[in-house]
Protein chains: 2
Amino acid sequence: MPLKIALAQINFLVGNIDANVNNIVESAVYARDQLNADIIVFPELTVTGYPAEDLLLRSDFIAAANNAVYQLSGRVAGIALVVGFPELDGNSLYNSAAVLHQGVMLACYRKQALPNYGVFDEQRYFAPGNQPCVFEFNGRFIGLTICEDVWKSGIIDAAKQAGAELLLTLNASPFNSGKIHQREAIICKQIKAAQIPLVYVNQVGGQDELIFDGASFVANSQGDIVFRAEEFKEQISVIEFDGDNPITSTCAPHYNEISSEYKALVLGIKDYVRKNGFKGAILGLSGGIDSALVLALAVDALGHDKVEAVLMPSRYTQTMSNEDAVLEAEALGVNYHIISIEPAVNAFTGMLAEVFAGATKDTTEENIQARCRGVILMALSNKQGRLLLTTGNKSEMSVGYATLYGDMAGGFAPIKDVPKLLVYQLARYRNTLSGIIPERVLIRPPSAELAPDQIDEDSLPPYEVLDPILERYVELDQSAEEIIAAGFRREDVARAITLVDRNEYKRRQSPPGIRITTRAFGRDRRYPITSGYRGI
Amino acid sequence: MPLKIALAQINFLVGNIDANVNNIVESAVYARDQLNADIIVFPELTVTGYPAEDLLLRSDFIAAANNAVYQLSGRVAGIALVVGFPELDGNSLYNSAAVLHQGVMLACYRKQALPNYGVFDEQRYFAPGNQPCVFEFNGRFIGLTICEDVWKSGIIDAAKQAGAELLLTLNASPFNSGKIHQREAIICKQIKAAQIPLVYVNQVGGQDELIFDGASFVANSQGDIVFRAEEFKEQISVIEFDGDNPITSTCAPHYNEISSEYKALVLGIKDYVRKNGFKGAILGLSGGIDSALVLALAVDALGHDKVEAVLMPSRYTQTMSNEDAVLEAEALGVNYHIISIEPAVNAFTGMLAEVFAGATKDTTEENIQARCRGVILMALSNKQGRLLLTTGNKSEMSVGYATLYGDMAGGFAPIKDVPKLLVYQLARYRNTLSGIIPERVLIRPPSAELAPDQIDEDSLPPYEVLDPILERYVELDQSAEEIIAAGFRREDVARAITLVDRNEYKRRQSPPGIRITTRAFGRDRRYPITSGYRGI
């Protein structure tokens, strides 16, 4: 008898168990009635959302999640539900998957491989399971696994040895650039070696720093992908198994690298705004490339009527910067204000004149300008209930080329994990969809415009040099000597690394941003502020 | 033959391997020459400092730490050194203790119990050891254990069964209120059950959010403490073992709860300023209790000449607030400036008049005042190289009663983990040492003075009600229903919990502060910002 399995690639809200359970029920009913599915598989920790972090330490939260699963078993007849939940057994908590069918829990599997690296803290919350779980359903023997389990061969093999003819895998596997290919390659290799077909269901959506890309798939026992859901979209699909192997179905194509990065950023902004109940977003528009890109991303995420731009010129702002900012706002149909910061800068200069008498001008005066902009933007954000988006990129965050409480002010930092060179690539990519960023913005030397004729290269190596050094130091943990050996000048490496080391205190107070690389600033990189380590 | 063991209760600098190794050598030479010690025992992960966090993922850092230990073995003759280090073996990293003697590594123990809860992330970095380690020294059999190991009975028992007659324990056990008593009670109970004497060496000092209190001790096989080092101070001491048991020595007394909290806060400020190379500290002095306490702590930590206060009155500042602030600064001999924020507030009001036309006044206008103060304080901090201390307490941080980039601006938040009622207790305690905070400050109703006749209780439950609710919700993870059942009004609980839940975004951008409770905001409490969880 053929078996139809639905893949529920759904966007859940962390912490809202009631809403998630309703979403599960509606999806199951849809899969049963519209897709004739026999089983529907949900992502990892479905009922709580992933990652629920320290909510998992609250006994009321855990009790609610367990109760929800027990009640869920009776709510939808005629289809089996495979849902993830934090299973409480005595004093131990497990990252589990339950099979619910006709009011009965047919099986419950406890995740064995608990990732505790990078952005993951699963050993903070969960005890590991230690055995495979295979259940019989309509004459077939089906094994359960959860996320990290299938990146390792031993657990798949054990499930097969326990009798599984087919594996269902519940996942919350976050995106980074190149991850989708990597994920499919590694898992399909395991599957091919074990000779067992697999149904892989990943969640989709943004959750603080993390993006989940979906890209759920089904592979046959030869490790060939016979179905793939769309990337970065909710989708409930069904695949039919006839005998041991799945019938080949549609495979949504992979997006190329730049468009998947763009889509990840758009989804991240959209979900942060929507899930946190903001009325829209605002941002400072400088005429530079960073704010131009963030404006485009915000409009693509929220619509032009939900985004507002603020131009805040000073005596150091070049005319073309204002012109370009206006062109960008108008090209995207976004409402904008122009508010000169000069009155506030003059006020502070006067207020500080006595205590600063005799002191040399330094970055203090530049920071005051940036902070006046921060006050204006936060006032608008507070008054309007709009999320303030900061426009700093990863290169700036790395070396601290940003003003705390100034241009770093804001609730969310969309391009915080996007290096400067990639900012240009993403802007050019966006212009291929519709020409919204003036060419001049793409070719001018980058400048903070906080002092006369200032450009970034006055105090930093060129981004063509800086960005690859930063990637090696921050993402790959290479030492200074390794980076120099790879062909970079010692003085550039020393400058870059010293700035990274010194600026941990700034990053600690920066808003969360969207992770698109293999190591973002945030929970992914946990450095001490107080540190005698010097990379060079 | 008697055996003399030195306890090196020392303040190390995380990340600075060279400085730590020099410190180890100097301490060992002192213990050998001045104390006639045969062995000197250092704290956990001596050479890297604790916690080194993601520095432990850098291969250059790990290589340097391992090389340092191998070289160390030849640097001091005539005394055995027991030092902690991150031991690399193949691809695995262990939290280890090496015994170095006459150029040879006599033994090396790998920590078995790796804490991965609260502020600890040890399973992110280390693989667990799986066996006891006992070495022979001058005819005695000595066992090694590391920190978490001795909180559990199994590991102590295994060491004894492996032949240990005496245990050495290397520790980095952070302070919280009551921790010292708890630590001694639990460990001495294990020791008594196992009938084995123990030498417990803890590090001392501040490291970002954490305070290590020292309080190293020696217990005999009956679980009686026969020696205790001073709390919150560096100290190298020696204890003699004659036969199986240590000879009773001096026991430094325990400080009472309030004075140990005060000492922890002072040490935290002192080490953050010193280890990060600041020239001193500045803070905004409002005439309220919070800034009065932070000023006293800063002066006690750094000396009056290293601290500067800034009074920033507005139209809503009461005369007595200014008077009291001046009295506090003068009582402590601290230099102060008075800078009215009115010119900047007026400038922003004018700049925003057009976009705010027709809008109702709300907290936006209050936030502008707080942010003008933030700009002034940061300008002084930038110009002078002084650390800006923020003065917000834990009650405010919990419910978000603070302005992001306003009164939350600063590099370090000394009383971030001190609830408001404890702020009063600490202030009164400090006044018993010398009367520096005017009585009026201690009895006035708390006010942010951002609107006419404003007091905190306009928008918050009284602190006598709020603080215990927050303790139950934040520190003890109690549910709303549990708190209500304990006798609190549902509306107060609802108000407090809702504010805590909603303000995670503010806390995420707050400066680090000193942890003195069992759960501080920071790495100790990892909540999602985007969350549908509602505690009530």
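The values are calculated or read from the model by the stated rules, or taken from the named source; none is laboratory data. Computed from a predicted model, the values in this text were never measured in an experiment. Quick reminder, even Gly has a Cβ in these numbers, built from the backbone with ideal geometry, and neighbours come from all protein chains shown. Just so you know, the surface numbers come from the protein's heavy atoms only, side chains and all, with ligands and any DNA or RNA stripped out. Shrake-Rupley method; radii C 1.70, N 1.55, O 1.52, S 1.80 Å.
A few notes on this one:
- Charge dipole of chain A about the Cα centre (unit charges at C-beta), most positive-ward option of A:Ile10, A:Ala63, A:Tyr316: A:Ala63
- Computed from label points 7 Å out along Cα-Cβ, the spacing between A:Asn276 and B:Gln195 is 6.1 nm.
- Tail weight of P(r) past 30 Å, computed on alpha-carbon pairs of the range A:260-456, percent: 16 percent
- Simple point charges give the picture: +1 on the Cβ of Lys and Arg, -1 on the Cβ of Asp and Glu, and for the protein assembly as shown a dipole about the Cα centre of about 380 debye.
- The range A:3-254: C-alpha gyration tensor shape, a/c 1.5 cut-off, then a/b vs b/c: rounded
- Rounded Å value of the spacing that divides the Cα centres of the range A:256-284 and the range A:482-514: 27 Å
- More than 20 angstrom apart: percent of Cα pairs within the range B:26-118: 36 percent
- Extension gain, B:Asn36 back to B:Arg75 (0.36 nm per residue minus Cα-Cα distance, nm): 12.3 nm
- Calculated FRET efficiency, B:Arg315 to B:Glu482, Cβ-Cβ distance, R0 = 41 Å: about 0.40 to the nearest 0.05.
- Within the same chain, aspartates and glutamates fewer than 8 places from B:Lys4 are excluded, and of the rest, those with a Cα less than 17 Å from its Cα are B:Asp33, B:Asp38, B:Glu136, B:Glu165, B:Glu240, B:Asp242, B:Asp244.
- Across the range B:3-254, the mean sequence separation of Cα contacts (distance under 8 Å, 6 or more residues apart), normalised by length, yields a relative contact order of 19 percent.
- Only the Cβ atoms of Lys and Arg (+1) and of Asp and Glu (-1) were treated as charged; on that basis the dipole of the range A:94-163 about its Cα centre amounts to roughly 80 debye.
- B/A buried area, accessible surface, summed, 1.4 Å probe, Å²: 7000 Å²
- Surface composition of chain A: carbon plus sulfur atoms contribute 50% of the solvent-accessible area (1.4 Å probe, protein chains only, all chains present).
- Computed over the protein assembly as shown, the convex hull of the alpha-carbon atoms projects to a mean area of 42.6 nm².
- The length gained on full extension between B:Gln425 and B:Asn346, counted as 0.36 nm times the residue separation minus their Cα-Cα distance, comes to 24.6 nm.
- Here the peptides A:105-117, B:485-497 are ranked by packing, the mean other Cβ count within 10 Å, and the order with the highest first is A:105-117, B:485-497.
- Heavy atoms of the protein chains alone define the surface here; on that basis chain A has 34 Å² accessible area per residue at 1.4 Å probe size.
- Annotation: lysines with alpha-carbon distance below 20 angstrom to B:Lys179 (same-chain offsets under eight excluded): B:Lys152, B:Lys189, B:Lys192, B:Lys233, B:Lys263, B:Lys394, B:Lys416.
- Positive dipole terminus of the protein assembly as shown, leading residue within B:Tyr50, B:Pro468, B:Ala353 (C-beta point charges): B:Tyr50
- Label-point spacing for A:Ser59 across the identical copies (point 7 Å from Cα in the Cβ direction), in nm and ascending order: 4.7.
- Scaled radius of gyration (Cα, divided by 2.2 N^0.38 Å) that the range B:63-167 gives: 1.09
- Stretch gain in nm, segment B:Leu88-B:Asn138, where the contour uses 0.36 nm per residue and the Cα spacing is subtracted: 15.1 nm
- Eligible aspartates and glutamates near A:Lys111 by straight Cα distance, threshold 18 Å, same-chain separation 8 or greater: A:Glu44, A:Glu53, A:Glu87, A:Asp89, A:Asp121, A:Glu122, A:Glu148, A:Asp149, A:Asp157
- In a reduced charge model with +1 at each Lys and Arg Cβ and -1 at each Asp and Glu Cβ, the range B:18-177 shows a dipole moment near 220 debye about its Cα centre.
- Convex hull (Cα only) mean projected area of chain A, reported in nm² to one decimal: 27.0 nm²
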